[in-house]
Amino acid sequence: MTRLSEKLAVVTGAGAGIGRAIAYRLSEEGAKVVVTDLNIEAAEETAKQIIAAGNTALAVQGDVASSVDVEKAFAICEAAWGSCNLLVNNAGIAQQISFVDMKIEDWDRMMSVHLRGCFLSCRRAIPTMCKSRDGVIVNIASQLGQIGGVELAHYSAAKAGIIGFTKALAREISNTGVRVNAVAPGPINTELVTSLSEDWRKTKAEELPLGRFGEPEDVAATVAFLASEDARIYVGQTLGPNSGDVML
């Protein structure tokens, strides 16, 4: 498939899990992909596998909460191929902890990676996208931003913030031709989810109408759809590949 052959993509947190699956899928559909991750070895492995499949990618190390690192990723894209016209804000962290035990540093880091990271990348990408009237932004939220999660108050709050940010941004800039949407996955079989307790994962799976977690490729397919012209009238939406955990 080549429906994304005109896309120059920056995908954050693409060294593993959902981010890696997104980078693979976008490249398979023709996009050139800048793979960013805090772990440069992981980013390089993703890029290496994309290139081995005959597609195009570059790896960049960076912390999405750092404006310097964000600038570096976009500058590398511009120098190599041109201005980014597809941004996927995927980078994230998770921490299972009761609210009463949560430290200020835990809260601040969660907000910094998820919300500040999303803000910084959008802030860097949007002016050029609006000027060229060509751009798609997909923000990765979570179904826990819609329903909340036990011992995940800071994570749930950050993801809810991403959903609200997506809606506000879509209302503000859609008239420039730039589309902004979100994806709110349910539990997905990634290292981030398997880092949570076995009891949590067992209980959560039993709550799902499908009775099982999704795979990273399920989320990647949703992102590829939103990135394409097939989704040309989707604006400010939050799509939910979530095994039925949230039904809207």
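What follows is calculated from the coordinates using simple rules that are stated; it is not laboratory data. Just so we're clear, the structure is a prediction, and the values are computed from it rather than from any experiment. Cβ placement follows ideal geometry from the backbone for every residue including glycine, while neighbour counts extend to all protein chains displayed.
Miscellaneous remarks
- Computed extension gain for residue 203 through residue 79, at 0.36 nm per residue and net of the alpha carbon distance, reaches 39.9 nm.
- 0 to 90° range, to nearest 10: angle between helix 17-28 axis and the chain longest Cα axis: 30
- Volume in Å³ per residue [convex hull over Cα atoms, computed for the chain]: 117
- Among 150, 70, 193: highest mean-square fluctuation, GNM of the chain, C-alpha pairs under 10 Å: 150
- Quotient of the Cα radius of gyration of region 21-166 and 2.2 N^0.38 Å, N being its number of residues: 1.10.
- Against the chain, whose longest principal axis is taken from its Cα atoms, helix 40-52 shows a tilt of about 60°.
- Relative to the longest principal axis of the Cα atoms of the chain, helix 153-173 runs at roughly 30 degrees.
- With at most 15 other Cβ atoms within 10 Å, longest stretch of the chain clear of loop trypsin sites (Lys or Arg not before Pro) (DSSP): 4-102
- Pairs of lysines in the chain whose Cα atoms sit within less than 30 Å of one another amount to 25, provided the residues are eight or more positions apart or on different chains.
- For region 124-239, the Kirkwood hydrodynamic radius comes to 15.3 Å, computed from all pairs of different C-alpha atoms.
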